[in-house]
Amino acid sequence: MSEVLVSGKSSFKIEVPYKLIETGIKGKKPLIVYLHGFKQNIALFEKLTSELKTVEAYHLFIQAPYPVFDHTKSRKVEEWGRSWYLYDGEQDQFIKSLELASEFIQEVIDTLLPNLNVSRVCLFGYSMGGYLGGYFAMSRWKHVNEAIIVGARIKTEVFEDKLEQVEHIKFLAIHGEYDSSVLAEPQAKEIKKLIAFGIDAKFALLKEKHKLTRPFLDTAKEWLKSIGYIIIS
């Protein structure tokens, strides 16, 4: 005979690294927050996005909290790729995980902001980080000025009756025409929806696949330049 006396849930805390880099002259400048893709980490993502360091800004790289087990056992835990959220196909679980990850990102930003001289905040999210970046911008609209979403879809359906809150945010969606992991058409429809609502949103379709290559970075940098960001080299 067995009897369950009590069951419940408890929190388990893990340390998650972030890295802040400043480029350009000292003074008031933008903060760009980088959200990497699935199985990536901040070390890899910093290398992949190095071209964007030519933008005068604070560059904040945050690592996702969930480790993705390295079955090869050839890398140390700190070198493993990471995941931003847990997704089993159920939308409720998806949104719950996006919200938890957004709370975590906001906590990191809030910790740093008092010591920085920030003029505006831009999100740069790729793939899984792009889904999160879109959700963060929509849910934390007071704290975001621009959002660059690469190889992902902005889930506007979650905020269907709240789109007026993000009218001040400028969106750039960049997608690969040959992306078979995340199809381009759904994201193109999301951008059209934002435009129809009067939001400053642009969609750039490149002849690329689902891989963060130089053309994506060049497109992002040119867009940032067009809206007032300073390119230092």
Worksheet item: Distance in nm between label sites at Gln91 and Ser2, each 7 Å beyond Cα in the beta-carbon direction?
Response: 3.7 nm
Worksheet item: Name the GluC sites (Glu not before Pro) in segment 12-116 that are in a loop by DSSP and that have at most 14 other C-beta atoms within 10 Å, would you?
Response: Glu15, Glu90
Worksheet item: From the backbone phi of segment 36-51, what are the Karplus-calculated ³J(HN,Hα) couplings (6.51 cos²θ - 1.76 cosθ + 1.60, θ = phi - 60°) in whole Hz, Gly and Pro given as x?
Response: 6, x, 4, 6, 9, 9, 5, 5, 5, 5, 4, 5, 5, 9, 4, 4
Practice prompt. Would you mind checking the radius of gyration and Dmax of the chain based on alpha-carbon positions, in Å?
Written response: 18.3, 73
Item to complete: Please find the FRET efficiency linking Ser181 to Ile227, where r is the Cβ-Cβ separation and R0 is fixed at 25 Å, and quote it to the nearest 0.05.
Response: 0.30
Worksheet item: Which whole-Hz couplings ³J(HN,Hα) result when phi for each residue of segment 182-191 is put into the Karplus expression 6.51 cos²θ - 1.76 cosθ + 1.60, θ = phi - 60°, listed in order with x for Gly and Pro?
Response: 10, 5, 6, 4, x, 5, 4, 5, 5, 5
Discussion item. Accessible area of segment 1-66 with a 1.4 Å probe: how many percent of it is carbon plus sulfur?
Written reply: 56 percent
Discussion item. Check which residues have an amide H placed less than 5 Å from Leu35's amide H, if you skip close sequence neighbours.
Written reply: Phe124, Gly125, Tyr126
Discussion item. Between Lys13, Lys202, Lys47, where does the largest GNM mean-square fluctuation fall for the chain, given springs only between Cα atoms within less than 10 Å?
Written reply: Lys13
Discussion item. With the crude spin-label approximation of a point 7 Å out along Cα→Cβ, what separation in nm comes out for Phe69 versus Glu22?
Written reply: 4.3 nm
Worksheet, complete the sentence: Given pairs Lys39/Lys96; Lys28/Lys207; Lys96/Lys142; Lys189/Lys211; Lys28/Lys221; Lys192/Lys221 and cut-off 31 Å on Cα-Cα distance, the over-length ones are Lys28/Lys207
Response to the item:
Under 5 Å from the placed amide H of Lys170, counting only residues 5+ away or on other chains, we find Glu146, Ala147
Fill in: Taking the C-alpha atoms of segment 16-76, convex hull volume expressed per residue in Å³
89 Å³
Worksheet item: Can you give the extra length, in nm with one decimal, that the chain gains between Lys76 and Lys39 once fully stretched, where that is 0.36 nm per residue apart less the Cα-Cα distance?
Response: 11.9 nm
Discussion item. Cβ neighbours within 10 Å, averaged per peptide: list 191-201, 158-168, 31-41 in order, most packed at the top.
Written reply: 31-41, 191-201, 158-168
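The values are calculated or read from the model by the stated rules, or taken from the named source; none is laboratory data. Just so it is clear, the structure is predicted and the values come from calculations on it, not from any experiment. FYI the Cβ positions are ideal-geometry reconstructions off the backbone, even for glycines, and counts take in every protein chain you see. What goes into the accessible areas is simple: the full protein's heavy atoms, side chains included, and nothing from ligands, DNA or RNA. Shrake-Rupley method; radii C 1.70, N 1.55, O 1.52, S 1.80 Å.
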